[in-house]
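Visitor: My structure is below; once you've seen it, I'll send some questions.
Laboratory data are not the source of any read-out in this text; all were calculated from the coordinates shown. What you see is a predicted model, and the numbers here were worked out from it, not measured in a lab. Counting neighbours? That spans all protein chains shown, and the Cβs are built from the backbone with ideal geometry, glycine included.
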Amino acid sequence: MDESKNITLKVNSKLHDEYRELCKKDGWIVSRQFEKLMEEELKNKGRKK
């Protein structure tokens, strides 16, 4: 298993609350969704192996 790292993000409060509710409703984990977004961006920019 890969090592994980705690990070702090500053995001719009309303946006975060709405997204957190969506994740809760769909059984997602907010941090995993963010990881997937980062992975996709790296892939799209050709920086991920």
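Visitor: Considering segment 14-35 alone, what residues qualify as being part of a helix (DSSP H, G or I), of a type outside the set (Asp, Glu) and exposed (fewer than 11 other Cβ atoms within 10 Å of the Cβ)? Break it down into steps so the answer makes sense when it comes.
Guide: The initial filter retains those residues of segment 14-35 that are part of a helix (DSSP H, G or I), namely 14-26, 30-35.
If we keep only those that are of a type outside the set (Asp, Glu) too, we end up with 14-16, 19-20, 22-25, 30-34.
Result: 14, 15, 25, 32.
Visitor: If you check every pair at least six apart or on different chains, which have Cβ atoms under 6 Å apart with a residue in segment 26-41 that is farther than 16 Å from residue 5 by Cβ first and a residue that is surrounded by 11 or more Cβ atoms within 10 Å (Cβ to Cβ) and basic (Lys, Arg) second?
Guide: Within 6 Å, no pair qualifies.
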